[in-house]
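The structure appears right after this line, and notes come after that.
The values are calculated or read from the model by the stated rules, or taken from the named source; none is laboratory data. Since the model is a prediction, treat every value here as computed from it, not as a measurement. Note: ideal-geometry Cβ built from the backbone for every residue, glycine included; neighbour counts use all protein chains shown.
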Amino acid sequence: MNLKKILKPNFIKAGLKSLTANILKDYKTPIGVYLTITSRCNLNCKCCDFQKINQKKILEIPTENCIEYIRQMADAGVVKLNITGGEPLLHKGIDEIIKFAKSKKMFIALSTNATKISEHLDALKFVDVVMMSFDGSPKNHNYLRGADNFETLIKTMELLKKNNINFWTTTTLNKKNINDIEFVLSIAKKYNTYANFVLIQFFDKVIESNSLPDYQKVQQLELIPDDKDIRAAFEKLIKLKKDGEPIGSSFEFLNFMKSWDDYKILMSSKNYGIKCVAGKLYCHLFADEKLYACGHCIGAIDGIDIKKSGFINGFNDLQKIPNCQSCRVACDTENNLIYNLNLKSIFNWLSKM
Ligand code: SF4
Ligand code: SF4
């Protein structure tokens, strides 16, 4: 654990704000932001519908607007920025955006499909963790993400290691790759990194501006595993993590996933014991320059035009999906655990820094 990286005044302040939010029901303040800077992508993965969104219009936040929003976020107390896309490294201002966010002392995570890393090595040195998609064996990874992508991914891992840039992998479990867990972990061990696991996501009806594919599509592609296989996969992950395998996902998240009632449902009004603080302590700025409480509000409820409202006013007016208490979405659940000050979960992540 690198204490120097963690014990920073703005992170300590964020911890105190989380504590206050856990005590005072009506207290809200932004600590983290998911920033989808572009819907543009150079891949066409089977588990994603960004290409469908792009057929209508590519959505992208212009660099100068993005920098202004990050400035406003920093002023409002945001310390954690998750930059995502589309493929964020296709945004022509990405290097400048990363460097600006770091100048505001933010913790930066960047999710990428690993195809453009070599062009941005200098800026990526300012990113705290690069999250790369890794969907299993070469055959399954290439089936899900496109021919030859596996080879690119491995070359990229070599490059990041050589340049001392911290990276983790994220595997979207589905019917094709649910038996590839051990293979993914063998690669994590080889490159001395951590593997995170999430479950394939989809909506049960098409929501055009949301990047998740609809249920029919993933069903036609035979990507939805049986409930019993999903539960067995999460049980296996818990056991492997107990055995010391390099699994990033927290025990709390893995146990939560094991206990999820019906995997065909993405969001639930049931309280699984992890309070959702989307719109209270974190939010999502999408590539349409609208602010949402979480990524699943996109297309489901109206976003707030941040160009008109500014960041903090927009944040203060955020609405959540009515009656939504829990979702089986890894990033939101892990976030909610941290903001709920779940100490085991916090230690799980800090120990990997
Ligand atoms: S999953 Fe990521 S890399 Fe694949 S098409 Fe969607 S945005 Fe692009
Ligand atoms: S539980 Fe919270 S983060 Fe998850 S979909 Fe519902 S509102 Fe969004």
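Considering the conditions (1) surrounded by fewer than 17 Cβ atoms within 10 Å (Cβ to Cβ); (2) in a loop (DSSP other than H, G, I, E, B), E235 is excluded by exactly one of them, (2). When K280, K352, K344 are checked against the criterion of being more than 22 Å from A74 (Cβ to Cβ), away from ligand 1 (no atom under 16 Å from the Cβ) and assigned to a loop (DSSP other than H, G, I, E, B), a single residue qualifies: K352. Within region 264-295, the set of residues being under 19 Å from the mean Cα position of the chain (by Cα) and among the hydroxyl-bearing types (S, T, Y) comprises Y282, Y292. Starting from region 213-238, keep only residues that are within 17 Å of C48 (Cβ to Cβ), then list their pairs with residues that are surrounded by fewer than 15 Cβ atoms within 10 Å (Cβ to Cβ) and modelled with pLDDT under 95 whose Cβ atoms are within a distance under 8 Å, requiring at least 6 positions of separation or different chains. Sorted first by the residue in region 213-238, then by its partner, the pairs are D214/D204; D214/K205; Y215/D204; Y215/K205; Y215/K264; I224/K264.
Do we have V198 as in a helix (DSSP H, G or I) and not polar (S, T, N, Q) here?
No: the conditions fail for V198.
If we scan region 11-18, do we find a residue that is charged (D, E, K, R) and more than 16 Å from ligand 2 (Cβ to nearest atom)? Yes: region 11-18 contains one or more residues that are charged (D, E, K, R) and more than 16 Å from ligand 2 (Cβ to nearest atom). Residues considered: T170, T193. Of these, the only one that is assigned to a strand (DSSP E or B) and under 30 Å from A123 (Cβ atoms) is T170.
The residues of region 68-86 that are over 14 Å from I108 (Cα atoms) and either within 16 Å of ligand 1 (Cβ to nearest atom) or in contact (Cβ under 8 Å) with a residue 24 or more places away in the chain (or both), listed by number, are Y69, R71, Q72, D75, A76, G77, G85, G86. Checked against the criterion of being of a type in the set (F, W, Y), within 16 Å of ligand 2 (Cβ to nearest atom) and at pLDDT 95 or above, region 92-105 has no qualifying residue.
Considering only residues in region 290-304 that are more than 16 Å from ligand 1 (Cβ to nearest atom), assigned to a loop (DSSP other than H, G, I, E, B) and out of contact with any strand residue (DSSP E or B) (no Cβ under 7 Å at 6 or more places or on another chain), the one that is nearest to M73 (Cα to Cα) turns out to be D302. If we scan region 27-43, do we find a residue that is within 16 Å of ligand 2 (Cβ to nearest atom) and over 20 Å from the mean Cα position of the chain (by Cα)? Taking every residue of region 27-43 in turn, at least one turns out to be within 16 Å of ligand 2 (Cβ to nearest atom) and over 20 Å from the mean Cα position of the chain (by Cα).
To keep it simple, each residue is scored yes or no on (1) modelled with pLDDT of 95 or more; (2) crowded, with 17+ Cβ neighbours inside 10 Å; (3) part of a strand (DSSP E or B).
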{"residue": "K17", "(1), (2), (3)": "no, yes, no"}
{"residue": "T20", "(1), (2), (3)": "no, no, no"}
{"residue": "K25", "(1), (2), (3)": "no, no, no"}
{"residue": "T29", "(1), (2), (3)": "yes, yes, no"}
{"residue": "V33", "(1), (2), (3)": "yes, yes, yes"}
{"residue": "K46", "(1), (2), (3)": "no, yes, no"}
{"residue": "C66", "(1), (2), (3)": "yes, yes, no"}
{"residue": "Y69", "(1), (2), (3)": "yes, yes, no"}
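Restricting attention to region 241-274, the residues that are buried (at least 17 other Cβ atoms within 10 Å of the Cβ) and assigned to a helix (DSSP H, G or I) total 6. Only a single item in (1) farther than 24 Å from N44 by Cα; (2) surrounded by fewer than 21 Cβ atoms within 10 Å (Cβ to Cβ); (3) not acidic (D, E) is not met by L81, and it is number (2).
Can you find a residue in region 209-226 that is in a strand (DSSP E or B), surrounded by 17 or more Cβ atoms within 10 Å (Cβ to Cβ) and touching a Gly at 6+ places or on another chain (Cβ under 6 Å)? Scanning region 209-226, I find no residue that is in a strand (DSSP E or B), surrounded by 17 or more Cβ atoms within 10 Å (Cβ to Cβ) and touching a Gly at 6+ places or on another chain (Cβ under 6 Å), so the answer is no.
All conditions in (1) away from ligand 1 (no atom under 12 Å from the Cβ); (2) within 18 Å of L212 (Cβ to Cβ); (3) surrounded by 21 or more Cβ atoms within 10 Å (Cβ to Cβ) hold for Q55, with the sole exception of (3). The residue list N22, N42 contains one member that is in contact with a Leu (Cβ under 8 Å, 6 or more places away or on another chain) and either acidic (D, E) or more than 30 Å from V218 (Cα to Cα) (or both), which is N22. For region 171-188, state whether one or more residues are surrounded by fewer than 17 Cβ atoms within 10 Å (Cβ to Cβ) and within 16 Å of ligand 2 (Cβ to nearest atom). No, that holds for no residue.
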